[in-house]
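I have placed the structure first, in the form of structure tokens, so that the comments after it can refer back to it.
Values quoted throughout were computed directly from the atomic coordinates according to the rules given, and no laboratory measurement underlies them. Here the structure is a predicted model, which means the values were calculated and not measured. All Cβ positions, even for glycine, are placed from backbone atoms using ideal geometry, and neighbour counts span all protein chains on display.
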Amino acid sequence: MVSTFLAARNPILFGPGVSKRTGTELRALGCKKVLVVFDKGVRAAGIVDRILSVIHEAGIETVCYDGVRPDPPDYTIEEAAAIGRAENVDGVVAVGGGSSLDTGKGVKVLLTNPSPISRYYLAHEDIRQDDGAMKPIVVIPTTAGTGSEATPGGVITDTKNNCKQNVPCATNLGIVDPELAIGLPQTVTVTTAADALCHAVEAFTSAEHNAISDVLAEKAIALIGANLPRAVQNGADAEAREGLQLAATLAGLSIMGPFCNVPHEIGLILGMIFHMPHGTACAMTLPEAMHFLAPVIPERVARVARLLGASLPADASAETIGTVARDTIATLYKTVGFPRLSGFAKSKEEVLAAVPAIMEAMPFHFSPRPVTAEDVSAVLAEAYDR
């Protein structure tokens, strides 16, 4: 088969303690004064001060923006970029979860391109660079979820149209230090890892899966299955944290070509309507999506189940495969304390009322099985009852 893999040009440093090289790496990029982007929670955890310290040790000045919000709204990108322009920074450092990294990517765009950020959504005009290359960005993830350090774009909430948009923006360097995730709260550990699991599973089951992304996705799925329960049981388990961080990066790479399918497309709208964290919303229907896709790609769904520890006979029917895969993921969710859909919606009817919005917004182009409104209703109803 022909494989299409969109090789990202995002160099990544990975390993325990590697964040101590942040200042050195910024200096190598020619930075003398950077805008450091983060949320208040990451600073309260002591992580930001550690990063600021190593940046200052390298003789680099910093300006801080701590207004990052979940599912970063467009106006926060404008706020942060205005600070960066006023302070004449020559680089951006984004520290935190996916929202911080996406905010930083949007800021990078606006440091050398005129506002508003809405000009650069994928469906609108192209990004124009002023007098050469854009100012560099270094991203430092503190959660094992989005894999944004490995992907060439940032997801931003378009508050005018109440939807999410993608802005093309590669990182100049990703610094992935598993030590920064030690002690991460259980809820954040679980929901971000579930997002990474979705990336890997959806890449592997995409209508446009490929030979390269398959390798990355399979490894990521196995790592999450083996390490997520351990990290939940003991937040200071350094080996489990390293496994999850590696999985998140690999999963982010795995969607470069196959992209995501049913769970993410449903989740993007669910998250907007019910104000769910991104990882929670996208992972909410992953078990049921596997059950839905098994009739058309039974071998791939079976492989996902086995990578997560399930036993399946070689001659298992598609229905059996779908049921086992659904139940295997659902059991993992229960083990680690993943939230239930019923915790966000008042009733099943309220959830099903979201189906028209989902069908209007989402093309389901990468699903290997055609998706109808009735299919989405069935998936959501099953997820609500789980």
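Could you give the dipole magnitude of the chain about its Cα centre, charging the beta-carbon of Lys and Arg +1 and that of Asp and Glu -1, in debye to the nearest 20?
600 debye
If we sort 358-367, 225-234 on the protection proxy, mean other Cβ atoms within 10 Å, highest first, what's the order?
225-234, 358-367
One quarter of the convex hull surface, Cα atoms only: what value does that give for region 186-385 in nm²?
On the way: hull surface 40.1 nm².
Approximately 10.0 nm², given one-decimal rounding.
What residues have an amide H closer than 5 Å to that of Gly257, excluding those fewer than 5 places away on the same chain, when H is modeled at 1.01 Å from N in the peptide plane?
Answer set, sorted by chain and number: Leu6.
With a/c under 1.5 counting as rounded, go ahead and sort region 26-171 into rounded, prolate or oblate using the C-alpha gyration tensor (a ≥ b ≥ c being the square roots of the eigenvalues; past the cut-off, prolate if a/b is larger than b/c, else oblate).
It comes out oblate by the Cα gyration axes.
Place the peptides 296-304, 194-202 in order of packing, highest mean first, counting for every residue the other Cβ atoms within 10 Å and averaging per peptide.
194-202, 296-304
List, in order, the whole-Hz ³J(HN,Hα) value for each residue of region 314-330 obtained from phi through the Karplus relation with A = 6.51, B = -1.76, C = 1.60 and θ = phi - 60°; use x for Gly and Pro.
Using θ = phi - 60°, the values come out as 4, 9, 4, 6, 4, 5, 5, 4, x, 5, 5, 4, 4, 5, 5, 5, 4 Hz.
Using Cα centres only, tell me the gap between region 148-190 and region 244-315 in whole Å.
Cα centroid to Cα centroid, the span is 18 Å.
Provide the gained length on full extension for the span Thr335 to Ala82, in nm with one decimal, where the gain is 0.36 nm per separating residue minus the Cα-Cα distance.
Going from the current span to full extension adds 86.6 nm.
If packing is taken as the mean number of other Cβ atoms within 10 Å per residue, what is the order of 26-39, 140-153, 96-109, highest first?
96-109, 140-153, 26-39
Relative to 2.2 N^0.38 Å, what does the C-alpha radius of gyration of region 296-386 come to as a ratio? Two decimals please.
Normalised Rg, Cα atoms only: 1.22.
With θ set to phi - 60° and the Karplus curve 6.51 cos²θ - 1.76 cosθ + 1.60, what are the ³J(HN,Hα) couplings of region 367-381 in order, to the nearest whole Hz, using x for Gly and Pro?
After applying 6.51 cos²θ - 1.76 cosθ + 1.60, I find 6, x, 10, x, 10, 9, 4, 5, 5, 5, 4, 5, 4, 5, 5 Hz.
Can you find, among Ile212, Met362, Gly337, the residue farthest towards the positive end of the dipole of region 186-385? Put +1 on the C-beta of Lys and Arg, -1 on that of Asp and Glu.
So the residue furthest toward the plus end is Gly337.
Under unit Cβ charges (Lys, Arg +1; Asp, Glu -1), what dipole magnitude, rounded to 20 debye, does region 1-121 have relative to its Cα centre?
Computed charge dipole of region 1-121: roughly 320 debye.
5 Å is the cut-off here: which amide hydrogens, built 1.01 Å from N in the peptide plane, fall below it relative to Gly67, excluding neighbours closer than 5 in sequence?
Long-range HN contacts for Gly67: Phe38.
Long-range amide H contacts for Val93: which residues qualify at under 5 Å (H placed 1.01 Å from N, peptide plane, sequence gap of 5 or more or a different chain)?
Those lying under 5 Å, H to H, from Val93 are Leu35, Val36, Val37, Val138.
Summing -39500 (n - 2.57) over the DSSP H runs of n ≥ 4 in the chain and dividing by its residue number, what mean residue ellipticity at 222 nm do you reach, to the nearest 500 deg cm²/dmol?
Counting only the DSSP helices, I get -15000 deg cm²/dmol.
Using only the alpha-carbon atoms of region 162-254, report the extent along each of the three principal axes, biggest first, to the nearest angstrom.
Result, largest extent first: 37, 29, 28 Å.
Give a residue-ordered list of calculated ³J(HN,Hα) values for region 89-94 (Karplus: 6.51 cos²θ - 1.76 cosθ + 1.60, θ = phi - 60°; whole Hz; x for Gly, Pro).
6, 10, x, 10, 10, 10
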